[in-house]
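**Student:** Provided herewith is a single structure, encoded as structure tokens, for subsequent inquiry.
The values are calculated or read from the model by the stated rules, or taken from the named source; none is laboratory data. Being a predicted model, the structure only gives us computed values, none of them experimental. All Cβ positions, glycine included, derive from the backbone under ideal geometry; neighbour counts span all protein chains shown. Surface accessibility is based on the protein's heavy atoms, side chains included, excluding ligands, DNA and RNA. Shrake-Rupley method; radii C 1.70, N 1.55, O 1.52, S 1.80 Å.
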Amino acid sequence: MSIKYALLGILAEGDLHGYELKASFDAKVGEFWSLNYGQIYSTLDRLEKEGLVTHDRQAQEKRPDRKIFSITPEGRNELAQWLATPVAKVRALRDEFFVKLVFMDKNHPAAILALIDKQKVLYLRHMNRLTQRKIALKTEADPGDLLTTELLLDAGLFHAEADIKWLTLCEAKMKAGGDNKE
Amino acid sequence: MIELRQASRKYQQGAREVYALRQVNLLINRGEFLSIMGPSGSGKSTLLHLMGGLDQPSEGEVFLDGKPLHGITDNELTLLRRRHVGYVFQFFNLLPLLTAVENVGLPLLLEGLPFSQVKLKAESLLQKVGLAERTGHRPDQLSGGEMQRVAIARALIANPAVLLADEPTGNLDSHTSEEIFLLLKGLNDQGQTIVMVTHDPKAAAYGNRILTLKDGAPVQDIAIGEQAA
């Protein structure tokens, strides 16, 4: 997944200059994705070379001209195709906790079980923060992106829940393995 | 608010004594929203029953608002429970022939209060749980989420010191569950002390403290939320 389609998606709603693009990006997906201006401008450069985006210069008093970016018909095509295609790549399993599990001493399950407990607490706290955020969302303005933000927080909650369930399974299997050895 | 001191609950299983809870020490403060988690058979429901006077400890002590729930007669326990504890169960436990307002008011009607007086209070509680338009409906005319809202209103009718909920959304889909948790969270924000048994981390995340039980004893007690940020 690249920044490319997010920028095309934003420009499909209207022409913007770089600063506005960044603000719109933050409002729409900032909850889980942060970008700096460098990444935005280098992506816009590339999109222009590919003919998906174009720009106009707007004169400003006492300041250099600024560029107003707009999406081209080719850009709209590319965006529409991307939107209609399901995501083939599933989430990576390369979780840092998993790497720790690989390198921990399996002959000392107590240390692993203690780590699992601490990890679960972190996930529960994370879920509590997402929940608080979700509750706060209900009192905020801007109903346009309310639903997507809420669904995104739900995704975070479901993933954390799955992680907790997986940790519980790790715990059970590790205990069962330890018992079988005796 | 609720305090357990060395509280145990054992059952006779044939010749064997089995402990559902062992020597639990626990203090729950006013205004807390505590979630109790743990695998099945870990003693979650037993603990909730001791807190609410639905059961008594085999050993140890349980206090609700400073009043002992142990070593008293069944009649005394029933009175304490009716006046100070609100219960919400997984299967709603509403009476099918009564309307929502009658179900909600039932605990006070059983106390002998006149219906005219009970009705006003029941209606205002139904309004509080978002069912102002449903007061005259019977359970079979309500959705699962609505039935649980009625059950929550009924649990609040006697202004209980604590609201105890045992897997309150175990029978509801995730969207409806979320609405019930938001309702509970809203009540807690207004000061209602809540203790909820759940196996669902998403539910537990609405509380501000999570107690995990294993084999009849607490193994983890964490504060979450603002104060722990």
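**Student:** Quick check on this structure: which one of B:168, B:114, B:107 is out of contact with any Gly (no Cβ under 8 Å at 6 or more places or on another chain) and surrounded by fewer than 19 Cβ atoms within 10 Å (Cβ to Cβ)?
**Tutor:** Working: B:168 fails: surrounded by fewer than 19 Cβ atoms within 10 Å (Cβ to Cβ); B:107 fails: surrounded by fewer than 19 Cβ atoms within 10 Å (Cβ to Cβ).
Every option except B:114 fails the conditions.
Yes/no per residue for (1) more than 14 Å from chain B (Cβ to nearest Cβ); (2) at pLDDT 85 or above; (3) within 30 Å of residue A:6 (Cα to Cα):
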position	(1), (2), (3)
A:78	yes, yes, yes
A:90	yes, no, yes
A:95	yes, no, yes
A:107	yes, no, no
A:112	yes, yes, no
A:137	no, no, yes
A:141	yes, no, yes
A:158	no, yes, yes
A:169	no, yes, no
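**Student:** In the stretch B:1-39, how many are aromatic (Phe, Trp, Tyr) and in contact with a helix residue (DSSP H, G or I) (Cβ under 6 Å, 6 or more places away or on another chain)?
**Tutor:** Residues of the stretch B:1-39 that are aromatic (Phe, Trp, Tyr), as a first pass: B:11, B:19, B:33.
Still in the running and in contact with a helix residue (DSSP H, G or I) (Cβ under 6 Å, 6 or more places away or on another chain): B:33.
Count: 1.
**Student:** Tell me, please, whether a residue that is closer than 29 Å to residue B:204 by Cα, buried (at least 21 other Cβ atoms within 10 Å of the Cβ) and of a type in the set (D, E, K, R) can be found in the stretch B:121-133.
**Tutor:** No, every residue in the stretch B:121-133 fails to be closer than 29 Å to residue B:204 by Cα, buried (at least 21 other Cβ atoms within 10 Å of the Cβ) and of a type in the set (D, E, K, R).
**Student:** Something else now. For the stretch B:50-88, give me each residue that is free of Cβ contacts under 8 Å to residues at least 40 places away in the same chain and closer than 17 Å to residue B:217 by Cβ.
**Tutor:** none
**Student:** For the stretch A:121-135: of the residues being more than 8 Å from chain B (Cβ to nearest Cβ) and modelled with pLDDT of 90 or more, which is nearest to the chain's Cα centre (by Cα)?
**Tutor:** Step one: filter the stretch A:121-135 for residues more than 8 Å from chain B (Cβ to nearest Cβ), giving A:122, A:126, A:133-134.
Add one more test, that the residue is modelled with pLDDT of 90 or more, and what stays is A:122, A:126.
Values: A:122: 19, A:126: 15 Å.
Filtering the stretch A:121-135 for residues that are more than 8 Å from chain B (Cβ to nearest Cβ) and modelled with pLDDT of 90 or more, the one nearest to the chain's Cα centre (by Cα) comes out as A:126.
**Student:** Among the residues of the stretch A:61-81, write down those that are open to solvent by 90 Å² or more (accessible area, probe 1.4 Å) and not acidic (Asp, Glu). Lay out the reasoning, then the answer.
**Tutor:** Let us first name the residues in the stretch A:61-81 that are open to solvent by 90 Å² or more (accessible area, probe 1.4 Å), namely A:61-64, A:73-74, A:76-77, A:81.
Within the stretch A:61-81, A:62, A:63, A:64, A:73, A:76, A:77, A:81 meet the criteria.
**Student:** Checking the conditions here, which among B:200, B:189, B:166 is in contact (Cβ under 8 Å) with a residue 24 or more places away in the chain, within 10 Å of another protein chain (Cβ to nearest Cβ) and on the phi < 0 side of the Ramachandran plot? Can you show your working first?
**Tutor:** Working: B:189 fails: in contact (Cβ under 8 Å) with a residue 24 or more places away in the chain; B:166 fails: within 10 Å of another protein chain (Cβ to nearest Cβ).
Of the residues listed, the single one that is in contact (Cβ under 8 Å) with a residue 24 or more places away in the chain, within 10 Å of another protein chain (Cβ to nearest Cβ) and on the phi < 0 side of the Ramachandran plot is B:200.
**Student:** If you take the residues of the stretch A:105-121 that are among the basic types (Lys, Arg) and open to solvent by 40 Å² or more (accessible area, probe 1.4 Å), which of them is nearest to residue A:163 (Cα to Cα)?
**Tutor:** So the first thing to find is which residues in the stretch A:105-121 are among the basic types (Lys, Arg), and the list is A:106, A:118, A:120.
So of that shortlist, the ones also open to solvent by 40 Å² or more (accessible area, probe 1.4 Å) come out as A:106, A:118.
Numbers: A:106: 21, A:118: 13 Å.
My answer is A:118.
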